[in-house]
1. From Cα pairs below 8 angstrom and at least 6 apart in sequence, can you work out the relative contact order of the range 488-604, rounded to a whole percent?
2. Mind jotting down the three principal axis lengths of the range 288-430 based on Cα atoms? Whole angstrom, largest first.
3. Relative to the longest principal axis of the C-alpha atoms of the chain, give the angle of the C-alpha long axis of helix 539-551, reported between 0 and 90° and rounded to the nearest 10°.
4. Determine the sum of side-chain charges near A739: Lys and Arg each +1, Asp and Glu each -1, restricted to other residues whose C-beta is under 12 angstrom from that of A739.
5. Take the Cα radius of gyration of the range 441-483 and divide it by 2.2 N^0.38 Å, with N its residue count; two decimals is plenty.
6. Can you give me the Rg/Rh ratio for the range 681-755, using Cα atoms for both radii and the Kirkwood formula for Rh?
7. Over the chain, what is the mean sequence separation of C-alpha contacts under 8 Å (at least six apart), divided by residue count, expressed as relative contact order in percent?
8. Once a ≥ b ≥ c are taken as the square roots of the eigenvalues of the Cα gyration tensor of the range 717-824, is the result rounded (a/c under 1.5), prolate (a/b larger than b/c) or oblate (a/b not larger than b/c)?
Amino acid sequence: MTTVTPSPIAPSLMPRASDGFASQAVTGLSSADAQRRLVEFGPNEIQRERATSSLTLLARQFASPVIWLLLAATVVSAALGELFDAIAIGVIVIINAIIGFFQEHQAERAVMALRSMTTPRARVMREGHSVMIPAHTIVPGDLLVLEAGDVIAADARLHTAHALTTNEAPLTGESTPVEKTPAPTAPDTPLAERHDFIFMGTSVATGTGLAEVVATGMQTELGRIAHLLSTAEDSVTPLQRRLARVSQTLLYICGGIVAVVALAGLLRGWPLMQVFMSAVSLAVAAVPEGLPAVVTIALAVGVQRMAARNVLIRRLPAVETLGCATVICTDKTGTLTTGVMRVRELWGRDHTNLLYAAAASSDAEIGRDGQTGIGDPTELAILMAAAERGIHRDEIERTNRRVAETPFDSMLKRMSIERADGHVYIKGAVESVLPLCVGSVSDALQANTQMAERGLRILAVAAAPADAIQGATLLGLIGIADPPRTEAIEAVAAARTAGITTVMITGDHPVTARAIARELGLLSSGKIESDVVHARATPEDKLRIVREWKARGAIVAMTGDGVNDAPALREAHIGIAMGLTGTEVTREASDMVLADDNFASIVAAIREGRGIFDNIRKTLVYLLSGNTGELVVMLVAAVGGLPLPLLPLHLLWINVVTDGLPALALVVDPPEADVLQRPPRLPDEPMLGRAEWRFIITTGLLQAFTTLAVFVWALHARDLVEARNLTFSVLVFGELFRAFAARSTTRVFWEVGAFTNVRLLGVVVFSTMLQLAIHHIPAAQAVFEIGPLSAADCILTLLVAMVPVTVIEVAKLVQRWHARGSML
């Protein structure tokens, strides 16, 4: 007999003469033979991947150069007896790690989730009897007994089939039920066209059948996807790459400056303790202690904002990554389309008679809600369209009962039902129904061709006298398809405006895929069809397409709902699963989930992601500007032979409290209004470019100049304690006021609006009062080694602190006037 298998299978899995398949097809295996094969091939299960341990997850939170710098500062501070500093820095690191750990606690479990798609029990033939057995005990050679509603427990080749169709959308992406027949197909036939095979994890839509199992467990198509999923690699996100580069730069700068100062101190003959104190002070000044928390909080707030838009984030970096996506590879069925078959077009003189006859020749049953039902999806679409015109099948059954019926035959490709009114109502493929009809059918053939070009599945409907079926009257044609979501059309257009290419990948027929692509607008603007539309795609194809886009330098997002999408979701920079229609496999393989299955929610997420990047960048510039000012102050004092203007604890207080708190408020700024009008950022664009570093250095020098000027003046006019008092507060207030200027690189404070970020306003007021308070609380004076500030000194420090922010805001206005002048 002819042997055909859906994928390479070991010879031992092939049917053998000893199986008795040809001569004793309905007897099945003996219990002894089944047990022997279970030992030989193993249980019918998808192998589990070992879950990521909690310890490994926690360790990941410390895999950052910035965290290493902070840990080093903690160790050095403790070694020098600065326990308060060491504890404060350690607490910052621990809090950041805890936040990240709990956000990522839902680790990847995609391969394990595949097991939920297998049926717990299945019906097979054993020793001539139909029995229900646990699905994991099914072995190659077993005969599966199939009927409508069954979830198929293994890959099998059909032996017999009667009106059998299966729903393979989770595996292949095919949106319509697939007709199955025992006629063999060629070995190289695409998965979606292997009509003589049924596959694990798919389900029987209609009909009955008997099939011999040829593959179980990891040898099945579903198992092969599990293997693909395990080979797909998690991508390092653009945000992670950018922050890593910033962290490395800070590491080099910090190490270099500390080495220079330590060497200078030793050459000057400083005591060893003073050298170490200076080095620790510079290390603390160089490291933005608030950076890890700022990034984590920015992403966590993004998670909350996206959740309000029905986008659920599973991995924190995914929030920002989507904001710089250049390509969205998306599955068609259930993502760009509704996932439900609908009547799209009617052709015929009388649409009411057409739908009546179509409903009269249907077996499906529509639910009370009019949107769901039981039976073939094509018939359900017909019944829904009929119900909209007041035609209901249950009324037809009551008023025009059935007399006889001929079930759908896969060879004839039609079905018919004779009713009490003496008519036979016929429904089926155009090429099958038209030969039964009298009169000219040329118009129908032309309409059929045009509807087919639009990607519709076409059924012809006819009626004939019960005694003259060859003299049928053609009532018309019904075009059925899975329609695109209205919001998806708008979202694709919005993505195009944002400079993002949408790529449709589907298991559907190329004609259907092309028609949907035209409706969605994917083929506009001179897009090359082969780049943006991929039909009859297998899981390997989807994986290959994602990898090809990545190789071209694109930042790739992949959306999908079926198990066939899972490997590509894992491979993409960001995987997006459907929450309602998506399988558990897909959700667990994803970085984010659309709770409402709305493709348009992706656009909202892109807007939020771009805003988050902008916020992280401006906050990082704000923090590093402050750190640069602190470094210059400490470096000039050390090289110039001056006493330390600030103690390590002062610097830590500035970095954590008076820099860190405004930074946390800055990072939750709402996105700019034009954020979706810009093209995506280049994948290799640094977090801090030349313009950002120029601003950091300029602002840092400006802050350092005003601070050193106060310190040198006070050192000569007063004493060291008062000089540190004034220096400490000038630097603190300068950083706080500068936060208002950090919100925009082009708009000044009053244009942005004080009340558009109430958190920042509140933080600046609170931190200013707190800074004034520690100068007058005895316990704080002892800890920080400072004294009280007089009213005159308070006014002095506040006025001097206004200098940097004033210069920055005036520079914005000058730059704007200059730009306007050059345009005239």
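1. Value for the range 488-604: 21 percent.
2. 87, 31, 27 Å, listed from the longest principal axis down.
3. Here the helix axis deviates by roughly 30 degrees.
4. After counting each charged neighbour, the total is +1.
5. 1.34
6. My calculation of the ratio gives 1.13.
7. Reported as a whole number, the value is 13 percent.
8. Because a/c hits 1.5 or more and a/b exceeds b/c, the range 717-824 counts as prolate.
The values are calculated or read from the model by the stated rules, or taken from the named source; none is laboratory data. Keep in mind that what you see is a predicted model, and the values were worked out from it rather than measured. For neighbour counting, all protein chains shown are included, and Cβ atoms are generated from backbone atoms with ideal geometry for every residue, glycine included. Note: accessible area is taken over every heavy atom of the protein model, side chains too, but ligands, DNA and RNA are not part of it. Shrake-Rupley method; radii C 1.70, N 1.55, O 1.52, S 1.80 Å.
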